[in-house]
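Beneath this line is the structure, given in structure tokens, with notes to follow.
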Amino acid sequence: MVRAGTLREQDLVSEGLVEAGRLEEIKRVAGEFAVALTADVAALIDPADPADPIAAQFVPSGAELEIAREERADPIGDARWSPVPGIVHRYPDRVLLKPTLLCPVYCRFCFRREVVGKRPTMLDQSALERAFDYIRRRPEIWEVIVTGGDPFVLAPRRLAAIVRTLDQIPHVAVIRFHTRVPVVDPRRVNLALVEALAAEKAVYVVVHANHPRELTPRTKEALTRLSRAGIPLLSQTVLLRGVNDDPAVLEALFRGLVALRVKPYYLHHADLARGTAHFRTGIAAGQRLVRSLRGRISGLCQPTYVLDIPGGYGKVPIAPSAASAGGEAGGWIVKDGAGVEHAYPADPER
């Protein structure tokens, strides 16, 4: 039985999640990158399986200390687009607001692993007000994405204050929260947290889930509590070698999410974060996986396969296209779900 609370590196051996001989290895990794697991996550790990997909995501590995040449401390260029602390303004009509850099768990592949879990862990009130002022002064900002860290680790009263402030900014139409909490610490999704999200504006919650085993009964209860409050739910998944780079695993995950009223939104190609090469697939492998799902599962279950261009140049879709030029008389060649080619006429002249 895994004890309740947050597990740190020194607890992993005592809880039987790793062998005692690996403690020094784990301490070296923890000296570089934050480590924490919740009891809910630890309970999902099979210590007897060296390839356990849950352990791969959360238990530190010495492979994280192997830094590939192409890897970066800020792989998607947050700093380049951060005009004031807590704000990332990469796209014209939306900003990220990061009130905290704390998470209930620290994913071993995280693209913000250089900053999460490290001090300062919270925006102080003056910095938060400065972030709100930045949003107020820019009428082009239509959507605010509250992320971090994980905003659902904040006390409900602090969450409510953020929602209330954003709700009062006339040009903000959508408030979106990105969180891992319903999956890794579902008890936090209680009535007080759900009530804190109430607003006149549209509030969305995007849940991070990577494997169907993460959709536990407690996670289902947490997601149901949010959906019954009228909050639209989306999901994002990171494509990870050895975790979910298998059509059957992704199919089960996306179907499981949709059955819980969660629309799969993004399938992220893993970013070039330092020490994460062992998680990354090739783009071609990712495209083959995405192609194999087309026609196999409902359109409701299909996320957009995306890549954040390294250096802060934005997110782009990288799924394979079913249509290509080269047909007769300037027409197109279109492949169906089985890979069979079909002719389609040329574009009409305008």
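The values are calculated or read from the model by the stated rules, or taken from the named source; none is laboratory data. Please read all numbers here as calculations on a predicted model, not as lab measurements. Here Cβ is always computed from backbone atoms with ideal geometry, including for glycine, and neighbour counts include all displayed protein chains. Note: accessible area is taken over every heavy atom of the protein model, side chains too, but ligands, DNA and RNA are not part of it. Shrake-Rupley method; radii C 1.70, N 1.55, O 1.52, S 1.80 Å.
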Determine the pairs where a residue that is more than 16 Å from residue 30 (Cα to Cα), located within the stretch 57-73, has a partner that is in a helix (DSSP H, G or I) with Cβ atoms under 7 Å apart, the partner being 6 or more residues away or on another chain. 68/277; 71/277
Of the numbered conditions (1) assigned to a loop (DSSP other than H, G, I, E, B); (2) open to solvent by 40 Å² or more (accessible area, probe 1.4 Å), residue 329 satisfies every one except a single condition; which is it? (1)
So which residues in the stretch 96-110 are closer than 16 Å to residue 179 by Cβ, in contact with an Asp or Glu (Cβ under 8 Å, 6 or more places away or on another chain) and in a loop (DSSP other than H, G, I, E, B), if there are any at all? 102, 103, 104, 105
Based on this model, can you work out whether residue 256 counts as open to solvent by less than 60 Å² (accessible area, probe 1.4 Å), touching a residue at least 24 places away in the same chain (Cβ under 8 Å), outside any strand (DSSP E or B) and on the phi > 0 side of the Ramachandran plot? no
Go through (1) buried (at least 16 other Cβ atoms within 10 Å of the Cβ); (2) farther than 20 Å from residue 111 by Cβ; (3) not acidic (Asp, Glu) for residue 275 and report which single condition fails. (2)
Looking at the stretch 240-288, which of its residues are in contact with an Asp or Glu (Cβ under 9 Å, 6 or more places away or on another chain) and among the basic types (Lys, Arg)? 274, 280
Which one is farthest from the chain's Cα centre (by Cα) among residues in the stretch 259-286 that are closer than 23 Å to residue 207 by Cα and in a helix (DSSP H, G or I)? 259
Within the stretch 119-126, is there a residue that is within 28 Å of residue 316 (Cα to Cα), open to solvent by less than 30 Å² (accessible area, probe 1.4 Å) and touching a residue at least 24 places away in the same chain (Cβ under 8 Å)? no
